[in-house]
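The values are calculated or read from the model by the stated rules, or taken from the named source; none is laboratory data. As the structure is a prediction and not an experimental result, all values here were calculated from the model. In this analysis, Cβ positions are derived from the backbone assuming ideal geometry, glycine residues included, and neighbour counts consider all displayed protein chains.
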């Protein structure tokens, strides 16, 4: 059995036994780059130029993130008990994801902490929870990793690669059968014909319309959620109040309001700083040079 040499999901999948054999995460952390090698996005610098501690914390977060997702992936192989030692989930979130009824539940998972593994950590702890999602090739790689480490959990996961015709209708059907659909509010894999413009951290951004459209056609409640590292190699799931569609903008306003508050609280762990330039609308005056 060869030792691990990389921490991308593909390499971890191919070297499943080597990861499971590790007794501590220290060997994983040694594979991470030094925090000083991590670039700091200019928009983050402009917001926190008087707070170097935030910038340094963001560098450490990005540098060590691969080791942490590998350690959580390893825990998935052992099931809910090992995952619960690494991730705390509030009782109300457990109840929301285990009693979805015939409307299902949309998880608006924001890009904090280990956002890509948040739904699978929940799925490991909530018996029988069925998960559906859609996205690009990176999502396929993560689903393949979950399948390798936790086949029972993966059997409850359905993933649609985008672009996919009628994907919202297919996701709505999963919701009506009592499933949970995972979507990410900050960015869309496919071009948006009519993005919703919203204010976020002082900029006008293009909010993808997918979550709002899915809530409208399905009637499912939407729960904004983030998986935050609250201490070294331990995570806490935080969630806002659920919202249902009642008029245009209802869902997006609620999710982006919660997202804005979460960014203020945990700015160093919001990974979307690293693609924030793509979120900013061309008409945003704050983004234009003076």
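Just one of the numbered conditions (1) within 28 Å of residue 63 (Cα to Cα); (2) outside any helix (DSSP H, G or I); (3) under 14 Å from the mean Cα position of the chain (by Cα); (4) in contact (Cβ under 8 Å) with a residue 40 or more places away in the chain is not true of residue 205: (3).
One residue alone among 225, 200 is touching a helix residue (DSSP H, G or I) at 6+ places or on another chain (Cβ under 7 Å), modelled with pLDDT of 95 or more and buried (at least 23 other Cβ atoms within 10 Å of the Cβ), and that residue is 225.
The residues on offer are 192, 212, 186, and the sole one that is in a loop (DSSP other than H, G, I, E, B), crowded, with 20+ Cβ neighbours inside 10 Å and in contact with a strand residue (DSSP E or B) (Cβ under 9 Å, 6 or more places away or on another chain) is 186.
For (1) under 15 Å from the mean Cα position of the chain (by Cα); (2) over 20 Å from residue 244 (Cβ atoms); (3) at pLDDT 95 or above, each residue gets a yes or a no:
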residue	(1), (2), (3)
57	no, yes, yes
63	no, yes, yes
81	no, yes, no
92	no, no, no
103	no, no, no
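Please go through the range 240-270 and pick out each residue that is surrounded by 20 or more Cβ atoms within 10 Å (Cβ to Cβ), in contact (Cβ under 8 Å) with a residue 40 or more places away in the chain and closer than 18 Å to residue 94 by Cα. Of everything in the range 240-270, nothing turns out to be surrounded by 20 or more Cβ atoms within 10 Å (Cβ to Cβ), in contact (Cβ under 8 Å) with a residue 40 or more places away in the chain and closer than 18 Å to residue 94 by Cα.
Determine if the range 105-115 includes at least one residue that is within 26 Å of residue 151 (Cβ to Cβ) and more than 17 Å from the chain's Cα centre (by Cα). No: zero hits.
Remark: residue 144 falls outside the filter, which requires a residue to be at pLDDT below 95, assigned to a helix (DSSP H, G or I) and surrounded by fewer than 23 Cβ atoms within 10 Å (Cβ to Cβ). Scan 118, 124, 132 and give me the residue that is assigned to a helix (DSSP H, G or I), in contact (Cβ under 8 Å) with a residue 40 or more places away in the chain and over 26 Å from residue 267 (Cβ atoms). It is 124.
Here residue 109 qualifies as closer than 25 Å to residue 244 by Cβ and surrounded by 20 or more Cβ atoms within 10 Å (Cβ to Cβ). Scanning the range 158-178 for residues that are assigned to a loop (DSSP other than H, G, I, E, B) and under 18 Å from the mean Cα position of the chain (by Cα) returns a single hit, 162. Mind checking whether some residue in the range 170-181 is crowded, with 20+ Cβ neighbours inside 10 Å and either free of Cβ contacts under 8 Å to residues at least 12 places away in the same chain or over 17 Å from residue 104 (Cβ atoms) (or both)? No: zero hits. Pairing each residue of the range 144-160 that is farther than 15 Å from residue 117 by Cβ with any residue that is in a helix (DSSP H, G or I) and at pLDDT below 95, provided the two are 6+ apart or on different chains, yields C-beta distances under 6 Å for 160/167. Looking at the structure I just gave you, is residue 220 part of a loop (DSSP other than H, G, I, E, B), in contact with a strand residue (DSSP E or B) (Cβ under 9 Å, 6 or more places away or on another chain) and buried (at least 16 other Cβ atoms within 10 Å of the Cβ)? Answer is yes for this residue.
For the range 18-51, enumerate the residues that are more than 30 Å from residue 203 (Cβ to Cβ) and surrounded by 10 or more Cβ atoms within 10 Å (Cβ to Cβ). Break it down into steps so the answer makes sense when it comes.
Quick first cut of the range 18-51, residues more than 30 Å from residue 203 (Cβ to Cβ) only: 18-32, 34.
Correct list: 18, 19, 20, 21, 22, 25, 27, 28, 29, 31, 32.
Of all the numbered requirements in (1) out of contact with any strand residue (DSSP E or B) (no Cβ under 8 Å at 6 or more places or on another chain); (2) touching a residue at least 24 places away in the same chain (Cβ under 8 Å), residue 45 misses one, and that requirement is (2).
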